[in-house]
Structure formats: structure tokens, C-alpha cells
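The next block holds one structure in the form of C-alpha cells; read it before the comments.
The values are calculated or read from the model by the stated rules, or taken from the named source; none is laboratory data. For clarity, every value in this text was computed on a predicted model and none was experimentally measured. A quick note on method: Cβ atoms are made from the backbone with ideal geometry, for glycine too, and the neighbour counts reach across all protein chains shown. When the accessible area is computed, the model is the full protein with side chains, heavy atoms only, and any ligands, DNA or RNA have been set aside. Shrake-Rupley method; radii C 1.70, N 1.55, O 1.52, S 1.80 Å.
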Amino acid sequence: MTATATTRLPIVILISGRGSNLEAIIRCAQRGGLGVDIRAVISNRPGVPGLAVAAAAGIPAEVIDHAAYADRAAFERALRVRIDTFRPDLVVLAGFMRLLTAGFVAHYHGRMLNVHPSLLPALPGLETHRRAIEGGLREHGASVHFVTAEVDGGPVVLQARLPVAADDTPDALAARVLVLEHRMYPLAIQWFASGRIFLDESGHILFDGKRLTQPRELAREKPLPC
Ligand code: GRF
């Protein structure tokens, strides 16, 4: 389903922590620019700040605590059942820090997005800002991608880049990248909700009906009014 002027795309957002990307998405959704209906926010960790962000916006906020399940399969089963109760057309990973199995990911094939703090395929995994500095990278940034079984390996929709300063620290770099994430993630979600991006059967992204051969660049896109 694609959102139209009268319908909004149902989405569920998964978090594990702070929820600043969640907050940016909520802000844009509330200002009417995204075309989405955030049906629920689900955290795999109890008591995290992102849950309060959702609750303050009047969005159902729930916990499926991975630590309460015997194994990954049981956790994922519970998570999938709960997500599907809300019948989302898109699942948004916003700082969701659990690895997902191929079976779980396949269930949401073409309808699950993630934001990752690096210019993928560079620096998949954790501690990207420290690794960017230690690796002497001159450029760093963030990527929004469709989620596939390969961790941080799915097709990239949109990237945002910035220079790494000679005296950068991981925290300073992370803060600058985060500002970009807050702009780019709502934009990519809006593209999905309006049917501009689509994952075809061969696993390629179609953008406005044409195959995307390289990610879109945030700096070249018209900013959302939120
Ligand atoms: C972000 O840097 C995101 O790219 C990464 O985890 C962080 C989540 O931050 N996947 P927040 O919870 O959205 O504030």
C-alpha cells in the first residue's frame, strides 16, 4: 500500500535506547509531511528514554524485552507477532540494537528500513565514529538502507556525508552525524510512504520507477519542512 492524500501509511518503529531519530520522525509526522501513521513504538529494552518520547506524543509504546525470552527465536517470534498486530506497511529500525535473523528479516522484505551511522558499505557494525577517526577517514556520514539478512548490508537509499576534522573525537563526530540522521531518515520514510522508493524482486531499489544505481545524497535533496 502507498499513502495518498487521504491515507497514511501505517508504520511501526523499533528502538533500543535514546530515541532521537524516533523524535525526529514523530516531529515530521506530526507536522503532516511524512504521510505515515505511527501505530506503535516497540523497544527491546525496558525503561529507555525513547519509550517516554513515544508516550509523550501519544503513541502506544511497548516493550518486548529480549532478555525475557529463552533464545533469539522465541524473542523474534514474540516481536513479529506484536509488530504484525499493528499491520504496518513499513517497519522502521531507529537505533534498534539487536541482530535480526534471516527469517525475521525475510518476513519484512522490502518493508523494513534502518539508519546506520556510516557511509555504507564502509564501516558496518558498531563504534563507527571511533573507527572512522582511527582509520584516518576524511569523510564520514550516515546511510538509510533497506534491511536484508546481511547486517548493515542492504541496498542503500540515501546517504549524508561530512568531513572528519583533524582533531575530531568520536563524540563530536557522532553529534554532527546525528544531525544529518535526523534530516535524512524522515525524508527516506516519506519517499517510501509516497511510493517513490520500492525494492524490486531482484533486490534493487527503484526510485521514481527507475533503478537507483547509487544512493541519493541528502545535500542534493529538498529538505522536508520539519
Ligand atoms: C543512531 O546513531 C543510529 O544511526 C544508530 O543508533 C543510534 C540511535 O540513536 N543505529 P537514537 O536512539 O535514534 O538517538
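Figures for the structure shown
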| read-out | value |
| --- | --- |
| The stretch 186-226: GluC sites (Glu not before Pro) in DSSP loop, at most 14 other beta carbons within 10 Å | Glu201 |
| Calculated log₁₀ intensity ratio I(q)/I(0) where the Debye formula runs over C-alpha points of the stretch 9-220, q = 0.11, 0.14, 0.16, 0.17 Å⁻¹ | -0.50, -0.83, -1.09, -1.23 |
| Under Karplus coefficients 6.51, -1.76 and 1.60, residue-wise ³J(HN,Hα) of the stretch 162-173 in Hz, glycine/proline x | 8, x, 8, 7, 4, 9, 5, 10, x, 5, 5, 5 |
| Amide hydrogen neighbours beyond the local backbone of Gly95, cut-off 5 Å, H modeled | Val115 |
| Amide H contacts of Ile42 (H built 1.01 Å from N, under 5 Å, at least 5 apart or other chain) | Ile13, Leu14, Ile15, Glu62 |
| Vicinal HN-Hα couplings computed from phi for the stretch 32-38 (Karplus, 6.51 cos²θ - 1.76 cosθ + 1.60; Hz; Gly/Pro x) | x, x, 9, x, 10, 10, 7 |
| Long-range amide H partners of Gly153 with built H, under 5 Å | Thr148 |
| Accessible area of Asp84 in the full protein assembly, 1.4 Å probe (Å², nearest 10) | 50 |
| For the stretch 144-160, Karplus couplings with θ = phi - 60° (6.51, -1.76, 1.60), whole Hz, Gly/Pro x | 10, 9, 5, 8, 10, 5, 7, 4, 6, x, x, x, 8, 8, 8, 10, 9 |
| Average Cα contact separation per residue, the chain, under 8 Å, 6 or more apart, as relative contact order % | 20 |
| Separation between Cα centres of the stretch 73-110 and the stretch 111-167, rounded to whole Å | 22 |
